[in-house]
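See structure below.
The values are calculated or read from the model by the stated rules, or taken from the named source; none is laboratory data. Quick caveat: nothing in here was measured; it's all calculated off a predicted structure. Cβ coordinates were reconstructed from backbone atoms using ideal geometry, including for glycine residues, and neighbour counts include every protein chain displayed.
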Amino acid sequence: MLTDIKPEDKFGDDYKNHDLFSKLELIVKFYDSLSFSVFSIIRFGTNQIFNLDSYFFKSIKGTIDSIQLLLRIGRINDAYSLLRKYYDSTIINIYTGLYLDENYSIENLIVEKIEKWRNGTESIPDYRSISNYISNSPKLGEINKLLKIDDRYKKIRVRCNDNTHYNFYRNVLLNDNEVHNPNRIKYLDIISNYSTSFSGMYFQDFIKPDFLAIFANKKISGCAIRLSEGLKFQTQKHRGDLFITHTLLVGK
């Protein structure tokens, strides 16, 4: 009796065992733990009872999980589209948190722009407006300088857009898991680098005293955030034997 062979069964061990999959799994577990840990932290400025960031972290966890599932079955082009969503999610979450921090006050208990977005009566501003707001924030001045030290994020976004909109025919072929493609491993390498860069960008812009307190209280064990040597974010011994390391903006 013949056994049904799926297309992904033909990718080979180098593809199936690529370290990107273990990295994505660690990032999924990290966001899940972070979401749970910040859930009870009050985020002032909206009518939301529970922490907005907690739900955002959970959503990002879902996106990373979906990227992993798509890559497992060789739908690389679709995975790129979700990678773009991951990028946008981090930018939007940075923006909403920053906007609340900068506009909430005793005279302005409900920050109207974010509250209307939260309750579905007004959409989020366009990407350019959000990006400009983050870039022009005095709170993130030094961090933004480092994030703009090269054009890596622009290049990543362009590549993700190329895949989302089929700007090149080769992007069409990336979603066919039956056609012979000798470069599948190369694309996993690229996505591995991109996923780390996005996580790095996110945490560099999103460092908050409340979250630092969580790290200090070991609700997420063994975390260390250092604002020196090119801004490095490192997480170690997450729940025992899990390790994530993001080294940002400086080469090894």
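When the residues of the stretch 133-143 are filtered to those that are in a helix (DSSP H, G or I) and surrounded by 12 or more Cβ atoms within 10 Å (Cβ to Cβ), the one that is modelled with the highest pLDDT is Tyr133.
Return the residues of the stretch 41-76 that are within 28 Å of Asn103 (Cβ to Cβ) and among the aliphatic types (A, V, I, L, M); say none if nothing qualifies. Walk me through how you get there before you give the answer.
Keep residues of the stretch 41-76 that are within 28 Å of Asn103 (Cβ to Cβ), which gives 41-61, 63.
Residues satisfying the conditions are Ile41, Ile42, Ile49, Leu52, Ile60.
For the stretch 109-131, enumerate the residues that are in contact (Cβ under 8 Å) with a residue 40 or more places away in the chain and either of a type outside the set (A, V, I, L, M, F, W, C) or surrounded by fewer than 15 Cβ atoms within 10 Å (Cβ to Cβ) (or both). Listed by number, the residues that qualify are Leu109, Ile110, Glu115, Arg118, Asn119, Ser131.
If only one of Lys113, Lys85 is within 27 Å of Tyr15 (Cα to Cα), of a type outside the set (Val, Ile, Thr) and assigned to a helix (DSSP H, G or I), which one is it? Within the list Lys113, Lys85, the selection yields Lys85. Taking the conditions exactly as written (in contact with a helix residue (DSSP H, G or I) (Cβ under 8 Å, 6 or more places away or on another chain) and modelled with pLDDT of 90 or more), does Ile64 satisfy them or not? Here the answer is yes, as Ile64 does meet what is asked. For the stretch 34-73, filtered to residues that are surrounded by fewer than 17 Cβ atoms within 10 Å (Cβ to Cβ) and among the basic types (Lys, Arg), the residue that is nearest to the chain's Cα centre (by Cα) is Lys58.
Please specify each residue of the stretch 144-184 satisfying the condition of being among the acidic types (Asp, Glu) and either surrounded by 14 or more Cβ atoms within 10 Å (Cβ to Cβ) or not in a loop (DSSP other than H, G, I, E, B) (or both).
Let us first name the residues in the stretch 144-184 that are among the acidic types (Asp, Glu), namely 150-151, 162, 176, 178.
Residues satisfying the conditions are Asp162, Asp176.
Asn183 falls short on exactly one of the conditions (1) closer than 30 Å to Leu20 by Cβ; (2) modelled with pLDDT under 90, and that condition is (2).
Scan Phe30, Phe50, Phe36 and give me the residue that is more than 30 Å from His165 (Cα to Cα), assigned to a loop (DSSP other than H, G, I, E, B) and modelled with pLDDT under 95. Reasoning before the result, please.
Values: Phe30 fails: assigned to a loop (DSSP other than H, G, I, E, B); Phe36 fails: assigned to a loop (DSSP other than H, G, I, E, B).
So the residue among Phe30, Phe50, Phe36 that is more than 30 Å from His165 (Cα to Cα), assigned to a loop (DSSP other than H, G, I, E, B) and modelled with pLDDT under 95 is Phe50.
Selection of the stretch 160-177 for residues being farther than 14 Å from Gly74 by Cα, touching a residue at least 40 places away in the same chain (Cβ under 8 Å) and of a type in the set (S, T, N, Q) yields Asn161, Asn163, Thr164.
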